[in-house]
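As structure tokens, the structure follows; a few thoughts come after it.
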Amino acid sequence: MIRFNVRSIAATVATLLALCLGTSAALAQASASNPSAAMERYDGMCEASAAVALDSQHFIVGDDESNALNVYRIGQSAPARPAVDLAAFLETGDKASDIEGATRIGDTIYWISSHSRTSAGKARSWRRRLFATQVDMGVSPPTVRPVGKPYVDLIEDLASAPELKGLGLGKAADIAPEEPGGLNIEGLADTVDGHLLLGFRNPLKDGKALIVPITNPAALTADNGARPVFGSPFLLDLGGRGIRSMERIGSGYWVVAGPTGDVGSFALYAWDGVPTHRATLAPVVLPAQFNAEALFVLPGSGQAMLLSDDGALQVEGTRCDRLDKTRQRFRALRIPLQR
């Protein structure tokens, strides 16, 4: 059984909330001795890589080895409803689009795939998708439905945009994602004015993680021929790590940082959302072999969820990603807070 210091983690989350929102300690006080903060297990997939809250009781998860999205009820291991199969919508056939990031703006959830080559360096067009789903709260439990059309030309846009000149993203797109200088998008977050922030796991620039804003996400996924409008890119110093997940909280953010390759440490940072300001390392030691890939806050519940990509985790002597879907599982760290 994995053990961790509940008091330390809960206190740290309270600190992060205060940092991100710029408020006093009265804004968020963690329940330092709350015994319900625990590691949980959810079934039906291994490689949880992107997630968003649907309401205070349900969340939806993307798996980077599947085009299906699963809805879960907090605290219940089995999926709450049949998976949302996006293969036809994404037009990838039987190939996984490598979903890596998600964020919600109003009732629209935007999802992004890695846009990377395979680990062996092979180009795969089906890994280049930016798309949207609409939250459907008219059914119980809630679900999502695809809307618009997936955008597939982002790599070309990143390579040719004048605003991004000097970043070398066209060259990076020709390199395997976990090699130095390769391209791999894993973070996606919204801004207070309805824009998107792309968070790059790779490449790093001067040892710092790259963030690229997109100011017209609705037009981009509406199938009207729009091209992305980029804001000015900027860098975050995450101790030589790339971005694995981002979540906006008020005007600030939590950022999950991890290695650009397979080897390295994960860490949690708080950032106030100002491009010229530094991110602050949170004094949190994540559980061993916890590959933090998705972070989100459950609205109105005072809870944060951090999910682990457990594809390489041994389950009864076998890698999780080699098991049948009925035996696959991923871990989630749920952290209760109280004001």
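The values are calculated or read from the model by the stated rules, or taken from the named source; none is laboratory data. What you see is a predicted model; the values in this text were computed from it and never measured. Positions of Cβ are backbone-derived with ideal geometry, glycine not excepted, and every protein chain shown enters the neighbour counts.
Residue by residue, here is whether (1) aliphatic (A, V, I, L, M); (2) buried (at least 22 other Cβ atoms within 10 Å of the Cβ); (3) over 23 Å from A78 (Cβ atoms) holds:
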| site | (1), (2), (3) |
| --- | --- |
| N224 | no, no, yes |
| L235 | yes, no, yes |
| G242 | no, yes, yes |
| G258 | no, yes, yes |
| L323 | yes, no, no |
query = Based on what the data block shows, is L281 in contact (Cβ under 8 Å) with a residue 40 or more places away in the chain and over 30 Å from S232 (Cα atoms)?
reply = no
message = Just to check your reading of the model, which residue among I109, I60 is in a strand (DSSP E or B), buried (at least 23 other Cβ atoms within 10 Å of the Cβ) and in contact with a Ser or Thr (Cβ under 6 Å, 6 or more places away or on another chain)?
response = I109
message = If I filter region 179-186 for residues that are under 16 Å from I105 (Cβ atoms) and under 19 Å from the mean Cα position of the chain (by Cα), do I get at least one hit?
response = no
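Quick grid of which residues meet (1) under 30 Å from G75 (Cβ atoms); (2) surrounded by fewer than 17 Cβ atoms within 10 Å (Cβ to Cβ):
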| site | (1), (2) |
| --- | --- |
| I249 | yes, no |
| A267 | yes, no |
| W271 | yes, no |
| V274 | no, yes |
| A288 | yes, yes |
| V297 | yes, no |
| G300 | yes, yes |
| L307 | yes, no |
| A312 | yes, yes |
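Tell me the residue from D206, D223, D309 that is acidic (D, E) and within 22 Å of A51 (Cα to Cα), please.
Within the list D206, D223, D309, the selection yields D309.
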request  = Within region 70-83, identify whether any single residue is closer than 19 Å to G148 by Cα and not acidic (D, E), and answer yes or no.
outcome  = no
request  = Could you look through region 328-339, keep only residues that are of a type in the set (K, R) and closer than 20 Å to G62 by Cα, and pick out the one that is farthest from the chain's Cα centre (by Cα)?
outcome  = R329
ask   = So which residues in region 288-327 are more than 16 Å from the chain's Cα centre (by Cα) and either under 17 Å from M39 (Cβ atoms) or assigned to a helix (DSSP H, G or I) (or both), if there are any at all?
value = A288, Q289, Q303, L313, Q314, V315, C320, D321, R322, K325, T326, R327
request  = From (1) without any contact (Cβ under 8 Å) to a residue 40 or more places away in the chain; (2) in contact with a Gly (Cβ under 6 Å, 6 or more places away or on another chain), pick out the condition that doesn't hold for P203.
outcome  = (1)
remark   = Within region 63-78, residues being assigned to a strand (DSSP E or B) and not β-branched (V, I, T) number 6
Number of positions in region 88-121 that are touching a Gly at 6+ places or on another chain (Cβ under 7 Å) and among the aliphatic types (A, V, I, L, M) = 4
inquiry  = Of the residues R81, R41, only one is farther than 19 Å from S114 by Cβ, of a type outside the set (D, E), modelled with pLDDT of 95 or more and assigned to a loop (DSSP other than H, G, I, E, B); which?
reply    = R81
inquiry  = Out of everything in region 113-165 that is of a type in the set (S, T, Y) and closer than 14 Å to A96 by Cβ, what residue ends up being surrounded by the most Cβ atoms within 10 Å (Cβ to Cβ)?
reply    = S113
ask   = Given V297, V263, which one is farther than 26 Å from D43 by Cβ, β-branched (V, I, T) and at pLDDT below 95?
value = V263
